[in-house]
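Inspection log for the structure reproduced underneath, given as structure tokens.
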């Protein structure tokens, strides 16, 4: 049984998972990591979801932050490699979408790297569609951006 906790970026379990995420991304992104890392600071994120397993251990996380009016950006999605394939990330993403809708948003956007095939697969399976790279990712060849229109049944 998975438990999802709505919290904020000062949550210690979230911080621990993000450290694991950053370590993974440093390897995957190599020389490009400093560029991406500058956009992934977590000190002021108000909307965070942390997933816990039946033993109350943190097994995944994700966050949303306001990008523009009515649009939330999905950030810091992660589940450790030993937890992948269990549907945890999909449940976290759905909870983030529900929360975004409750906050009167109509769309979620996100960026991921071309070296993250698991993430790309998750987003496609979850109804996200490729979009033109936005904001700081415009023109960045190693970035892939997605968007999804939200409704009250996400």
request  = Averaging over all projection directions, find the projected area of the Cα convex hull of region 64-154 and quote it in nm² with one decimal place.
outcome  = 5.7 nm²
query = At a Förster distance of 30 Å, what's the computed FRET efficiency of residue 151 paired with residue 114, Cβ-Cβ distance as r, to 0.05?
reply = 0.55
query = What ranking do 114, 109 get, fewest neighbouring Cβ atoms within 10 angstrom at the top?
reply = 114, 109
ask   = Among 140, 74, 48, what is the fewest-to-most ranking by other Cβ atoms within 10 Å?
value = 140, 74, 48
key: Rh by Kirkwood over Cα pairs, then Stokes-Einstein D for the chain at 0.890 mPa s and 25 °C, µm²/s   = 158 µm²/s
key: Gain in span if fully extended, residue 68 to residue 44, counting 0.36 nm per residue against the direct Cα distance   = 7.1 nm
task = Report the label-to-label distance for residue 142 and residue 12 in nanometres (one decimal), using points 7 Å from each Cα along the Cα→Cβ vector.
result = 3.4 nm
query = So what is the relative contact order for the chain, in percent, with contacts set as C-alpha pairs under 8 Å and at least six apart?
reply = 20 percent
task = Please identify, among 20, 82, 136, the residue showing maximal mean-square fluctuation in a Gaussian network model of the chain using a 10 angstrom Cα cutoff.
result = 82
query = Taking 0.36 nm per intervening residue step and subtracting the Cα-Cα distance, what contour gain separates residue 104 from residue 24 on full extension?
reply = 25.5 nm
key: Segment residue 94-residue 130, length gained on full extension (0.36 nm per residue, minus Cα span)   = 11.1 nm
ask   = Among 25, 149, which comes first, then next, by fewest other beta-carbon atoms within 10 Å?
value = 149, 25
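Any read-out appearing in this document is the output of simple, stated calculations on the displayed coordinates, not a laboratory observation. The model shown is predicted, which means the values in this text are computed figures rather than measured ones. With ideal geometry, Cβ positions are generated from the backbone for all residues, glycine too; neighbour counts draw on all protein chains shown.
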